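As structure tokens, the structure follows; a few thoughts come after it.
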Amino acid sequence: MDLRKKIWQWAMLLFISMVWGTSFILMKKGLRSHTPLHVASLRIFFAWLIFLPVALRRLGRVKRHHWRWLALTGIIGNFIPANLFTLAQSHIDSSLAGILNSLTPLFALLAGLLFFRTHVLLINVAGLLLGLAGAAGLIYRPGTDLLHQANIYGLYVVLATLLYGINVNLLKYKFKDLDGITLSSTIFLFIGPLALITLLGTGFPAALRQHGAVWHDLGYIFLLALFSSVIAITLFNILLKYITPIFASSVTYLIPVFAILWGLIDGESLSPDQVLWIFVIFTGVYLVNKQEPVRI
């Protein structure tokens, strides 16, 4: 697989979208018998355990100047957003969460302009807006009162996407000399112990004895960690070496598409308007990557 070729970049982006498309349903199932704080902490803790052998073997590749940035991206790109999303999803509808999650590419653009001295073409901005419109149209359903739900918990998702937008630029520009596998695994060296401390400090061991389905739902959280926090993040960081942060973050436009496809597998139907919005999304993502933003 040659990720310098556009076709493989698109294939990887679509696969990552498919994997991340399962994260919302897995979080929902984990939240049935676990608190939002425990779901987020368990997700990070499990990912840390999976990554740990890999990280220890690759420590020699990490230079001194990497460590502060690894700690920062672990906190703002993983630990805080994981807690914000689980807390928000326990109070707001998934439709609103999905629409707000699609703000990530816009924040990636703004962060690049403000902190990393990048600029983009108008066609890329048009693609961002088109993709956002497509994602909103795909997720929204008539009769859904999104404004009623636009409370403090919706702002948690907005804050998470802001942090994601900053983080994707950090990953692109601060780790040019670090491969994606080493980058992904060593990030969790910092936040894994934080997650463990959080679990022990919030009574998680005692919670394991209080609910009949707690162990069953724990399996969904493990799958969430394995697929969304290990496999998808590793592939994302590998892909990011070859594409722009804005194109990479447009994965959030594609996630609702795969959420619908998972629904088709489960027996749901696909309406003509959904097909139209999917086409709009793919057009927007194509325009985002039409020409490379220029570094100055």
Wholly enclosed helices (runs of 4 or more DSSP H) of segment 1-106 bearing at least 2 residues at pLDDT 90 or above and not β-branched (V, I, T)
6-20, 36-57, 67-74, 80-89
Based on this model, can you work out whether L200 counts as at pLDDT 95 or above and surrounded by fewer than 22 Cβ atoms within 10 Å (Cβ to Cβ)?
no
Within segment 162-216, tally of residues that are within 28 Å of R32 (Cα to Cα) and part of a loop (DSSP other than H, G, I, E, B):
8
Answer yes or no: is there a residue in segment 255-276 that is farther than 20 Å from L100 by Cβ and modelled with pLDDT of 85 or more.
yes
Given the criteria at pLDDT below 95, out of contact with any Phe, Trp or Tyr (no Cβ under 7 Å at 6 or more places or on another chain) and assigned to a helix (DSSP H, G or I), does A135 qualify?
no
Within segment 162-176, track down each residue that is farther than 15 Å from F247 by Cα and touching a helix residue (DSSP H, G or I) at 6+ places or on another chain (Cβ under 9 Å).
L162, L163, K174, F175
Got a sec? Which of I243, I238 is touching a residue at least 24 places away in the same chain (Cβ under 8 Å), assigned to a helix (DSSP H, G or I) and under 17 Å from the mean Cα position of the chain (by Cα)?
I238
Can you find a residue in segment 160-173 that is under 30 Å from I260 (Cβ atoms) and at pLDDT below 85?
no
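The values are calculated or read from the model by the stated rules, or taken from the named source; none is laboratory data. Bear in mind the structure is a predicted one, so any value in this text is a computation, not a measurement. Counting neighbours? That spans all protein chains shown, and the Cβs are built from the backbone with ideal geometry, glycine included.
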